[in-house]
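Written below as structure tokens is the structure these notes are about.
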Amino acid sequence: MTDITWNDYAALPLEAKCQYLARPEGDGMPYHTLFAQQFDREILERLCALANRIRFINKSKEGALYLKSVLAHKRAMLYFSQPSSRTFLSHLAACQILGITTGSVRDAATSSEFKGESHEDSIRTFSSYFDMIIMRSPEKGLAEKMAWELSNSDRPIPILNAGSGKDQHPTQALLDIYTLMRSFEKNGGIDGKTVTFCGDLMRGRTVRSLSYLLTNFRNVRQVFVAPQELQVPADVVMVLAKKGVDFEVTDDLKAAVKTSDAVYMTRIQDEWDSAKGASAKIDNGRFKFGAEELALLKSDAIIMHPLPRRDEIATCCDNDPRAMYWRQMRNGMWIRAALIAATFGFEKTLMNCGY
Ligand code: NCD
């Protein structure tokens, strides 16, 4: 990112931007993690293998203490100017597993941004004290702009995008892929599976990022079930069409459930409503997963949700072995630990250590 101006960089298509975001060491791992397009199948498989490895090492006290020593010389800043429970806590726990010390701002009102400081100045301040910034923002593209600024500063440090407006949520998509890989481990992997997305596909950033990551696998069919007003946006459809992915846009959840290997439910993202209460006027009664849908679901299929949930998955599904959303949440901690370790260049060390 140092040999290109912001305007030239910003004008590039996402695929062309990726070369500027990888680790300069050339091991293929990301330096800045900004969007899902940075991850191809090989990198996804390496990250999932690393997450498995970290999970295994962490099982014994000796292993856990070793992990805590690996990045004990690093500090990370969690800069979250949008609400978060799981993404914040799982990144925090991932840092703790690797021995990284953390600082956090969770509310711009408690930082100097409240006094009128620009995002650029805030980020530069964080980079003076920390070695990585994990950030969530309501603004599409802010993490990317900050990554460029930092790369061109005298203290370049990596940025992990933990959610950028309605646009992308790449680390959530990584944990979703890790969950799918683990769930289908003994059942042929992700290739050939049907993944159904349901809910607010228009504004759900996790949907855009995961839909893209799934295009790295062979013959994965994607089904989008939503009320018309909240259907999957045109840019996602265009990517799928261009890549020749088999996909369907529908409003029939029951029919989709019957043929799905994974059903990915999402919440109505009403915080983005332009007029207060606009989402409440949308009839979303048919876009909820309850006892009837559970009865239609294949015995080896899974139910996913990035969480938080409202009523789009009935609590009667929670103890069904196919309800994967609780494990999905914990998988987030392991894959984020893997991503952070790989970002700092510790993939080989961990894969080859004696534990
Ligand atoms: C999601 C998000 O923030 O986009 N949550 C998460 O990170 N687990 C989904 C949501 O808020 O509905």
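The values are calculated or read from the model by the stated rules, or taken from the named source; none is laboratory data. Bear in mind that the values here come from a model prediction, so they are computed numbers and not experimental data. Methodologically, a virtual Cβ is constructed for each residue, glycine included, from the backbone with ideal geometry; neighbour enumeration extends over all protein chains shown. Please note that ligands, DNA and RNA were not included when accessible areas were found on the heavy atoms of the full protein model with its side chains. Shrake-Rupley method; radii C 1.70, N 1.55, O 1.52, S 1.80 Å.
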Check: Is it true that residue 42 is modelled with pLDDT of 95 or more and not basic (Lys, Arg)?
Finding: yes
Item checked: Residue check, residue 282 in the same structural domain as residue 219 (by TED's automatic domain parsing), within 14 Å of the ligand (Cβ to nearest atom), open to solvent by less than 60 Å² (accessible area, probe 1.4 Å) and more than 12 Å from residue 197 (Cα to Cα) -> no
Checklist line | Residue match in segment 159-169 (condition: under 26 Å from residue 100 (Cβ atoms) and part of a loop (DSSP other than H, G, I, E, B)) | finding: yes
Next item on the list: Would you check which residues across segment 222-241 are open to solvent by less than 20 Å² (accessible area, probe 1.4 Å) and in a helix (DSSP H, G or I) and list them?
Entry: 230, 236, 240
Next item on the list: Provide a single number: the residues in segment 43-87 that are under 22 Å from the mean Cα position of the chain (by Cα) and small (Gly, Ala, Ser).
Entry: 6
Note to self: Suppose we filter segment 242-301 for residues that are within 21 Å of residue 173 (Cβ to Cβ) and either part of a helix (DSSP H, G or I) or not aromatic (Phe, Trp, Tyr) (or both); how many remain?
What the structure shows: 20
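Could you list, in sequence order, the residues of segment 195-219 that are away from the ligand (no atom under 12 Å from the Cβ) and within 19 Å of the chain's Cα centre (by Cα)?
Step one: filter segment 195-219 for residues away from the ligand (no atom under 12 Å from the Cβ), giving 195-198, 202, 211-219.
Result: 195, 196, 197, 198, 202, 211, 212, 213, 214, 215, 216, 217.
So, of the residues in segment 135-158 that are assigned to a loop (DSSP other than H, G, I, E, B) and among the acidic types (Asp, Glu), which turns out to be nearest to the ligand (Cβ to nearest atom)? Quick ask: steps written out before the conclusion?
Initial filter on segment 135-158 (assigned to a loop (DSSP other than H, G, I, E, B)): 138-141, 152-158.
Subset that is among the acidic types (Asp, Glu): 139, 154.
Working: 139: 14, 154: 33 Å.
It comes out as 139.
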Margin query: Looking only at segment 249-264, how many residues end up being open to solvent by 70 Å² or more (accessible area, probe 1.4 Å) and within 22 Å of residue 216 (Cα to Cα)?
Written below: 2
Item checked: Selection within segment 326-355 - in contact (Cβ under 8 Å) with a residue 60 or more places away in the chain and not in a helix (DSSP H, G or I) -> 344, 345, 346, 353, 355
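Could you please let me know if residue 322 is modelled with pLDDT of 95 or more, within 26 Å of residue 33 (Cβ to Cβ) and surrounded by 15 or more Cβ atoms within 10 Å (Cβ to Cβ)? Write out each step before concluding.
On the way: modelled with pLDDT of 95 or more: yes; within 26 Å of residue 33 (Cβ to Cβ): no; surrounded by 15 or more Cβ atoms within 10 Å (Cβ to Cβ): yes.
The answer is no for residue 322.
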Check: List the pairs whose first member sits in segment 45-72 and is under 30 Å from residue 215 (Cβ atoms), whose second member is aromatic (Phe, Trp, Tyr), and whose Cβ atoms are under 7 Å apart, counting only residues at least 6 apart or on separate chains?
Finding: 48/178; 51/178; 51/334; 54/334; 55/334
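Does segment 235-249 contain any residue that is within 16 Å of the ligand (Cβ to nearest atom), under 23 Å from residue 42 (Cα atoms) and of a type outside the set (Asp, Glu)?
Start the filter on segment 235-249 by keeping residues that are within 16 Å of the ligand (Cβ to nearest atom), which leaves 236.
Keeping just the survivors that are under 23 Å from residue 42 (Cα atoms) gives 236.
Adding the requirement that they be of a type outside the set (Asp, Glu) leaves 236.
Yes: one or more hits.
Listed residues 12, 78, 89; which is modelled with pLDDT of 95 or more, within 16 Å of the ligand (Cβ to nearest atom) and outside any helix (DSSP H, G or I)? Give the steps one after another, and end with the answer.
Working: 12 fails: within 16 Å of the ligand (Cβ to nearest atom); 89 fails: outside any helix (DSSP H, G or I).
Matching residue, one of 12, 78, 89: 78.
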Next item on the list: Just need a number here: residues in segment 21-41 that are in contact (Cβ under 8 Å) with a residue 24 or more places away in the chain and outside any loop (DSSP other than H, G, I, E, B).
Entry: 6
Margin query: Let me spell it out: the conditions are (1) open to solvent by less than 10 Å² (accessible area, probe 1.4 Å); (2) more than 16 Å from the ligand (Cβ to nearest atom), and residue 124 meets all of them except one. Which number is the exception?
Written below: (1)
